[in-house]
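The values are calculated or read from the model by the stated rules, or taken from the named source; none is laboratory data. Since this is a predicted model, take the numbers as computed values, not measurements. With ideal geometry, Cβ positions are generated from the backbone for all residues, glycine too; neighbour counts draw on all protein chains shown. Just so you know, the surface numbers come from the protein's heavy atoms only, side chains and all, with ligands and any DNA or RNA stripped out. Shrake-Rupley method; radii C 1.70, N 1.55, O 1.52, S 1.80 Å.
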Amino acid sequence: MPCVADWLNSPLSIVQGIFAQNGPSPDWEKKVTEYFTEKLKENNATNWVPSLNDVPLHYLKPNSLVKFRCMVQDMFDPEFYMGVYETIDPNTKTRLNVGASQARVSPSTSYTPSRHKRSYEEDEDMELHPSKQKEQHMGNIGDIHGCGEPKRLETEASAGHQLISPNCSPPLDLNFPLPGEKGPACLVKVYERWDSFKVNDTLEVYGILSVDPVLSIVNNEERENSSSPLDPMECMDTVEEQRVHSPPASLVPRIHVILAQKLQHINPLLPACLNEEESKSFVSSFMMELSPLRAELLGFLTHALLGDSLAAEYLILHLISTVYARRDVLPLGKFTVNLSGCPRNSIFTEHIYRIIQQLVPAAYRLQMTIENMNHSRFIPHKDYTANRLVSGVLQLASNTSLVIDETLLEQGQLDTTGVHNVTALGNLITWQKVDYDFSYHQMEFPCNINVLITSEGRSLLPSDCQVQLQPQIIPPNMEEYINSLLTAVLPSMLNKFRIFLSLLRLLDYSISDEVTKAVEEDFVEMRKNDPESITADDLHRTLLVARFLSLSAGQTTLSRERWLRAKQLEALRKTRLQQQKCVNGNEL
């Protein structure tokens, strides 16, 4: 039987062996998948597989097995190749059969919530056989769907450089959605079930790493020979398309996928699948310490919000909110909070973002200035010349925390781009969707983004809930205050906070018929007592608050106690807004 070093360092030899045993039988590809699936189940073998998210590319062996967490950023056209063909080994004179299948390629952004740096000793260089590698790989898997996937961090992400004239050496455009992104980029080729993956899906893939320079050499030769009359199909791809679809493998490696799965979440501290028996025991043991943990988190966020415990309560509810269903076009479960009363042009909102960034796997701070609104690219659009989707700031993975800082907004004129960007933010908040621009039409892409708006007065953007900040303390040095707060929290406790926020999003929730009837009767009484100010929106918001209060306490059903607590929080929140007559020129 092959040892660990064989299937980790030389997976192609395993693939070739399985193919040799089964010949051109259509079942051999399935047996390859089954073999590696079983291997990865043994003794936490997934931890042995090096991750492209954590390990620098130059430390990884070419043609070895790697794993990669990523977001599908784009999907290229299908690739076709000879799935089964016959060749002769010049050394042994052996005939080899190696199938016709289809492939897609898609660039994407991948998320690495916590990048724990590790040192790796460079292994011995293994002997490379490019032609043999190609045969083994092609025979390896049935249908190919390539998903090119650049990777995204929880911190600020990066915008790629613009493509320059093909006559000079242009910098490689990795097409990241966010400014400042530095995560690894990959072209991931998936050979089976590729039609089950969509743009913006977050995946974890296990596959064979390919950094063969011949990939770029072949592309350059195709460009040079594109005018050849022998093969008119060579001329169909533009220079821009060839550059985008075949970047240097040393910068954008290829992963030929053996196993791929959609991720329920992007928190590495949680088990990948919560339905397994081991995961259920993890969840049950964690739920036993939920109550004191919630109290610790509330105290931590109260200090972060300058002593405002009510704002801290709503921030917890916001951070565990998620779109759990859609009724027609209405997303259920979204809870966008507008934290008003924030100091203008202050570093306070920056530090609030730092706190959130420490608690959630993926976060981004969007500074809402006239300059950013007018010049940033929020909405992804299709570039038909390069045949790719040009990414935008709002192309984010599910459950990303988007902090919109409105305290930096000053008087100025929005141009056409700025108006479109503000409209896109409004649609994201209200409908949890982004309309991608395909020039001749728009296509709706549903999303699930947690949006927190910090502002001096009431936000210009829509929100589900406005909370007026009432600081109880004013630290003389905000930066020192936040740094001391983060230093005081033990890393183990910080990890528990992270698990708390991610896990509660995944719990099921229900309301019994008895409680539903009691809530309806209570709402009727509220309407009788105050018919002008109590609306259906108030009922919907109070039910949301009650839902998240229940989940934050580890309860998956609504109780009378949690309903009354939700009403109490809403009453306190509304009282604050009434006391604040006018903020920043906007009547509340």
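Using the Cβ-Cβ distance between V55 and K528 with R0 set to 51 Å, the FRET efficiency works out to roughly 0.20. With all protein chains in place and a 1.4 Å probe, the accessible surface of the stretch 463-564 carries 51 percent carbon and sulfur.
The chymotrypsin sites (Phe, Trp or Tyr not before Pro) found in the stretch 404-481 that occupy coil by DSSP, while having at most 13 further C-beta atoms within 10 Å, are F438, Y440. Between V214 and A295, the contour length at 0.36 nm per residue exceeds the alpha carbon distance by 23.4 nm. Full extension of the chain between R560 and Q578 yields a length gain of 3.8 nm, computed as 0.36 nm times the residue separation minus the alpha carbon distance. Loop-resident chymotrypsin sites (Phe, Trp or Tyr not before Pro) (DSSP state other than H, G, I, E or B) in the stretch 1-89 with no more than 15 further Cβ atoms inside 10 Å of their Cβ: W48, Y85.
Sparsely packed loop sites in the stretch 511-564 (the GluC sites (Glu not before Pro) outside DSSP H, G, I, E and B with at most 15 other Cβ atoms within 10 Å) comprise E532. Can you tell me, using C-alpha contacts under 8 Å and at least 6 residues apart, the relative contact order of the stretch 304-371 as a whole percent? Reported as a whole number, the value is 21 percent. The calculated FRET efficiency for S196 paired with E276, based on their beta-carbon distance and R0 = 25 Å, is about 0.75. Residues whose amide H falls under 5 Å from that of I453, counting only those 5 or more places apart or on a different chain, are V337, N338, L339, I404, with hydrogens built in the peptide plane. Taken as Cα centroids, the stretch 372-446 and the stretch 300-363 sit 21 Å apart, rounded to the nearest whole angstrom. Note on the stretch 258-397: with charges restricted to the Cβ of Lys and Arg (+1) and Asp and Glu (-1), its dipole about the Cα centre is near 540 debye. Between L507 and L494, the distance separating the two model label sites (each 7 Å from Cα on the Cα→Cβ line) works out to 2.5 nm.
In whole Å, what is the distance between the alpha-carbon centres of the stretch 1-73 and the stretch 544-565? Result: 45 Å between the Cα centres. Here the spin labels are modelled as points 7 Å beyond Cα on the Cα-Cβ line, and at T87 and V329 they lie 5.4 nm apart.
Annotation for K41 and N22: the two label points, set 7 Å from Cα along the Cα-Cβ direction, are 1.6 nm apart. What the Cβ-Cβ distance of D537 and D6 gives, at R0 = 41 Å and to the nearest 0.05, is a FRET efficiency of 0.10.
Take 188-196, 278-286, 394-402, 406-414 and order them by the average number of nearby Cβ atoms within 10 Å per residue, most first; the result is 394-402, 188-196, 406-414, 278-286.
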